[in-house]
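Notes follow once the structure below has been shown.
Please treat every number below as a calculation from the coordinates, not as lab data. Source: prediction; values computed, not measured. Every residue, glycine as well, gets a Cβ built from its backbone with ideal geometry; the counts of neighbours run over all protein chains shown.
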Amino acid sequence: MSSKKDLTKSNSSKLISIKLLGRDIDVFLIETFIETIKTSKKFNSIDEEIIFNELIRILKKDSKLIDSLKEKSVEKLSKSKEFKVVVKEVKQSLHRLYGMFQEKDKTKRDELLINLKNEFENNNITNKNWNNEFVISVHENLLSTHSSTKERLEIYEGLYDKIFEITGKPKSILDLGCGLNFLSFPYMNLNVLEYLGMDISDDDLKFLREYGEFISKYKKVKIDTKPINLIEAKNKNLFFDIKKHDVCFIFKVLEIIELSKSHKISEKIIVDVPAKWLVISFPTRTLTKKMMNSIRRGWMHLMLDRLGYEYTTLMEKNELFFVINKN
Ligand SMILES: C[S@@+](CC[C@H](N)C(=O)[O-])C[C@H]1O[C@@H](n2cnc3c(N)ncnc32)[C@H](O)[C@@H]1O
C-alpha cells in the first residue's frame, strides 16, 4: 500500500509528486483533496495519513480518472465532476470506517469530564471512594456518548469479571479500535494498569488521554494512545514496536475493517498482536437494533481452530465475545 513516504521529494526536501499507476501526480492535487475532505466537520479530526491512504486506494482503481484529474487547471480542479466523485467516494469510505459511530456533538463529553473533575476536587474524592454513585453515573453518561459503549451499558457490570476469570487480572491492556471503551475502567475493578488505546480517530484518542491524565491522579494507571489504521495490517506487522500486553481487546472492530469475506485482515491481526490473551467481540444486532443473520461468527470458529488457538465464547446481550489464549 502506498504511504505518504512514497511521495517524491525535491532537493529542498519539499514533497512534489507521487507515482501512481505509472503517472506522476502533483502533490498539490493530493493536498487539495485532503483539504477539501477535512473541511467537513465530521472528518477534520481524522489523521491525514488515513485520508491519504483512502484517497490513494480509490485513485488506484482508475487510471483514466487520474489522467483526467491531471489535465485540470488549478482553478477548475475542485469544481470538476471527477474531483467531486473522488471526494464523495473517499468520504463514503471514511464514514464506513469511522463516522457512523461518532457522536456529532463532542461538547457533551467535554462538559461531563469537567463535571467529573470538579466533583473529585470539591468533594475530596480519593482512590478509596472514587466509585461512588455520582462518579458512576457520570461515567455512564460519558459511555453513552459513543454508540458502541452505549450499547454495552447494560452488560459492563460483571462483563470484565467474567473475562478476567478466564484471562486472569491483567496488568496491561492493549485496546485496538478502542473508541471510548476505556471509560468503562471503573467496571474493570483493577487498581494497577498500563493501558494502550489505538484507534483511527485522533479526537477519541485525545479525549482518552485527557481522561487518563485525570484518572491517573487517583489510580495507578498509565494511559497511552497511538493512531492506527488497522486495515494496513494486511500488508505489514503494525505491532512490531508494541510490547507484549497481558490482554488485547478488539471490540466490535474486525468486521468494520474487513474488505473481503476471506477475513485476511482479521487473521493477520489475530496472529500479529503482541498479547497473551485476545478478547474479540462482535455485535449481534445492527445499529438499528435488528438481530443479525449470522450471530455465531462461524468464520471465527473455523479460523481459530485452523490456527490452533484455544478459546471460549461468552454470549452477552447484543454482543458475542471470543476469549482467545495466545500464550
Ligand atoms: C464500533 S466502534 C467500537 C469501539 C470500541 N472498540 C468499543 O467497542 O467500544 C469501532 C471503532 O473502530 C475504529 N476504527 C474504524 N476503522 C478503523 C481502522 N481502520 N483502524 C483503526 N480503528 C478503526 C472507530 O474509530 C471506532 O472507534
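Descriptive notes on the structure:
- Taking the Cα centre of the chain as reference, the dipole from Cβ charges on Lys and Arg (+1) and Asp and Glu (-1) amounts to some 880 debye.
- Dipole in debye (nearest 20) - region 170-252, about Cα centre, beta carbon charges: Lys, Arg +1; Asp, Glu -1: 300 debye
- Once the Cα-Cα distance is subtracted from the 0.36 nm per residue extended length, the Lys61 to Glu49 segment shows a gain of 2.4 nm.
- Computed lengthening from Ser78 to Phe28, 0.36 nm per intervening residue step minus Cα-Cα distance: 16.9 nm
- Rounded FRET efficiency, nearest 0.05, which uses the C-beta distance separating Arg285 from Ser262 and R0 of 22 Å: 0.30
- Think of the chain as a dipole: +1 on every Lys or Arg Cβ, -1 on every Asp or Glu Cβ, centred on the Cα centre; then among Thr312, Ser80, Phe182, Ser80 lies furthest on the positive end.
- As a length-normalised measure over Cα pairs under 8 Å and 6 or more apart, the relative contact order of the chain settles at 12 percent.
- DSSP beta bridges fully contained in the chain are about 50 percent antiparallel.
- Cα gyration tensor, region 147-197 - rounded (a/c under 1.5), prolate or oblate: oblate
- Between Ser93 and Ser147, full extension at 0.36 nm per residue minus the direct alpha carbon distance yields a gain of 17.5 nm.
- Label point distance in nm, Lys41-Leu21, each placed 7 Å from Cα along Cα→Cβ: 3.6 nm
- Rounded to the nearest 0.05, the FRET efficiency derived from the C-beta distance between Glu71 and Arg306 at R0 = 35 Å is 0.10.
- Under a 5 Å amide H cut-off, with hydrogens placed 1.01 Å from N, Phe249 pairs with Leu174, Asp175, Leu176, Val279 among residues at least 5 apart or on other chains.
- Among the listed pairs Lys91/Lys264; Lys38/Lys117; Lys243/Lys317, those beyond 29 Å (Cα-Cα): Lys38/Lys117; Lys243/Lys317
- Crossing angle, helix 202-215 versus the chain [Cα axis fit, 0-90 degrees, rounded to tens]: 30 degrees
- Within the straight-line cut-off of under 15 Å between alpha carbons, the aspartates and glutamates reachable from Lys41 are Glu103, Asp105, Asp202, Asp203, Asp204, sequence neighbours fewer than 8 places apart in one chain being disregarded.
- Taking the C-alpha atoms only, the angle from helix 298-307 to the longest principal axis of the chain is near 90 degrees.
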